[in-house]
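Bear in mind that the values in this text are calculations on the coordinates, not laboratory data. Just so we're clear, the structure is a prediction, and the values are computed from it rather than from any experiment. Note: ideal-geometry Cβ built from the backbone for every residue, glycine included; neighbour counts use all protein chains shown.
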Amino acid sequence: MPTFLDFEKPISELEQRIEDLRETAQSGDLNIDTEIGRLEAKSDRMLRDTYARLTPWQKTQVARHPDRPHFKDYVETLFDDFIPLAGDRKFGEDAAVVGGFARLGGRRLMLIGQEKGDDTASRLKHNFGMAKPEGYRKAVRLMALADRFGLPVVTLVDTAGAFPGVQAEERGQAEAVARGTEQCLALKVPMVAAIVGEGGSGGAIAIAAANRVLMLEHSVYAVISPEGCASILWRTAEKAADAAEAMRVTAQDLKQLGVIERIVPEPVGGAHRDPAAAMRSLGQALEEELDSLSTQSGEALRTQRRAKFLAIG
């Protein structure tokens, strides 16, 4: 059984009933296929209706779902010949940011993204996708390398934000995030960024100031988390749902505001219900965007990227 979110409780109860009926049918001579089919159709309708009217806070919960595909899943499914490159050549290696050479549909490129991890050990290893300064300096190094060799840059964003710990601040976290954004804007090669889960604060924009910014249908992108915003404005994280509504964090809002260029559809019930389909959909969108940018000159790409971000707001 999949992991259900709080607002999916009615769907969870219905799917549990279906599972119980299947077990009953297997253990006896009863033929209850008709009843199971009826309940499955009802569950499908309920799922479609629920996901067609998600609130911004519910979309935030979906974007954080533990079964949602992560960077390593995209590498294994979409990209070929991935060669990871480590270290920032200044301090050390940060596993929260993963990057290296790869191929997408035969096209050589530089792939960079945040990895959250999918179990306790990997989440600790990757620091829940929250990068320290060395992670962003590694991203800068890889983007500069791509620029030198004329390779397009693709980034997959999934982070609650840059790591806010004391050690990160001591090593220049704000400067590292700013340098990441600066390097994105300086590139003379095509750059496409995709928000595949959470796009949180400067930790996201540092690798997402791209020519084209895509968002999966149920991902979120904001300057601060809804809980953080609520804590500042109302002195309580319990107002997170109100904050999410006011912040306009959804892909649909951000497309309307001109912050992103494209929304990539997810399977019914979110990417966590059919990761393979969600990743195929994103892969097709990435290839189309790279194709459309490939005919532009380096100077035109850089000019367009800078003008776009200066015009936001």
For n ≥ 4 DSSP H runs only, could you compute -39500 (n - 2.57) per run for the chain, divide by its residues and tell me the 222 nm figure to the nearest 500? -15500 deg cm²/dmol
Those trypsin sites (Lys or Arg not before Pro) from segment 208-313 that are DSSP loop and have at most 11 other Cβ neighbours within 10 Å turn out to be Arg235
Enumerate the amide H contacts of Val264 below 5 Å, restricted to partners 5 or more residues apart or on another chain; note that Pro and chain-start residues carry no placed amide H. Met215, Leu216, Glu217
Would you mind checking the pairs Lys239/Lys308; Lys9/Lys42; Lys188/Lys255; Lys255/Lys308; Lys132/Lys239 and listing those with alpha carbons more than 21 angstrom apart? Lys239/Lys308; Lys188/Lys255; Lys132/Lys239
When the Debye formula is applied to the Cα atoms of the chain, each taken as the same point scatterer, what base-10 log of I(q)/I(0) results at q = 0.14, 0.16 Å⁻¹? -1.05, -1.32
If I model a spin label at Ser12 and Trp234 as a point 7 Å from the Cα along the Cα→Cβ vector, what separation in nanometres do I get? 2.3 nm
Can you give the FRET efficiency for Ile32 and Arg53, using 1/(1 + (r/R0)^6), R0 = 35 Å, r = Cβ-Cβ distance, to the nearest 0.05? 0.65
